[in-house]
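**Student:** Quick one: structure below, then a few questions.
The numbers here are math on the coordinates, done by the rules we state, and not lab data. Not measured: the values here are computed from a predicted model. Cβ placement follows ideal geometry from the backbone for every residue including glycine, while neighbour counts extend to all protein chains displayed.
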Amino acid sequence: MSERVLLIEDDSRLAGMLSEYLGKAGFHVIHAENGARGLALHERDPVHAVILDLMLPDTDGLEICRHIRARSDCPILMLTARGDPVDRIVGLEMGADDYLPKPFEPRELLARLRAILRRSRTGPESEGTRSSRDVLRYGRLEIDRGARAASIDGAPCPLTGYQFSLLLALAEHAGRVMSRDALMDAVKGEAIDSFDRSIDVHVSRIRAAIEDDPKKPRRILTMRGTGYVFAKAQD
């Protein structure tokens with residue numbers, strides 16, 4: 001069965017080209033020409049991923065991103081012709097999984113779409129058959145590899161697929177300092193570049209989800225000039 005992708009894009013020519021290209025790659029693309037239509041379609045029918053243009057005629061795409069993320073954890077790939085890096089950072093902070101500036105190669109969009117979908121998929125094991133090796137426990141924090149989910153005292157932590165991958169990479173190397181390059185290698189590096197601040201934004205969002213006080217983190221520690229370390233000893 002084809003994976004369903006919601007494309008929210010007001011440029012009809014680009015939308016047609018992407019719909020045809022992604023259709024040939026095996027996806028079923030649902031197109032919305034504005035934000036209001038996109039939200040209505042998203043609420044009516046579940047999709048596997050959203051491709052979202054930030055410059056929409058009726059509303060700011062960042063607001064659409066916020067609304068979608070409040071209702072769903074499906075992967076979001078943002079598109080924009082605006083060159084301001086602040087848009088990228090704000091979009092990631094609102095829960096987008098990846099960001100692609102226009103103009104772009106359709107092959108790159110396809111690769112990034114497949115990457116965020118791959119990271120969002122859960123493991124095939126049921127809760128009853130999942131091995132204990134699939135679950136990492138650090139104090140009150142539990143990280144379930146198979147379900148690709150984290151929880152504190154049993155309460156789910158809101159993380160995007162990419163943020164979960166970063167958290168898992170850090171936790172699997174607990175006690176070891178990981179540079180931004182090492183983190184990119186660990187999660188295959190499809191979504192971010194080590195020479196910008198995007199990875200720091202993702203870590204900030206992870207802290208907001210798993211730390212008791214994100215301003216005084218005790219689980220993910222910053223090693224200035226080096227990277228990050230996941231603390232072995234935790235409450």
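**Student:** Once you list every other residue whose beta carbon is under 12 Å from the beta carbon of Pro214, what net charge do they have if Lys and Arg are +1 and Asp and Glu are -1?
**Tutor:** +3
**Student:** Can you pull a Stokes-Einstein diffusion coefficient for segment 3-120 at 20 °C (1.002 mPa s), Rh from Kirkwood over Cα pairs, as a whole number of µm²/s?
**Tutor:** In µm²/s, the coefficient rounds to 155.
**Student:** Given 4 °C and 1.567 mPa s, compute D for the chain with the Stokes-Einstein relation, Rh being the Kirkwood radius over Cα pairs; round to the nearest whole µm²/s.
**Tutor:** Translational D for this selection: 70 µm²/s.
**Student:** Cα convex hull of segment 11-54: mean projected area in nm², to one decimal?
**Tutor:** Dividing the Cα hull surface by four gives the mean projection, 3.1 nm².
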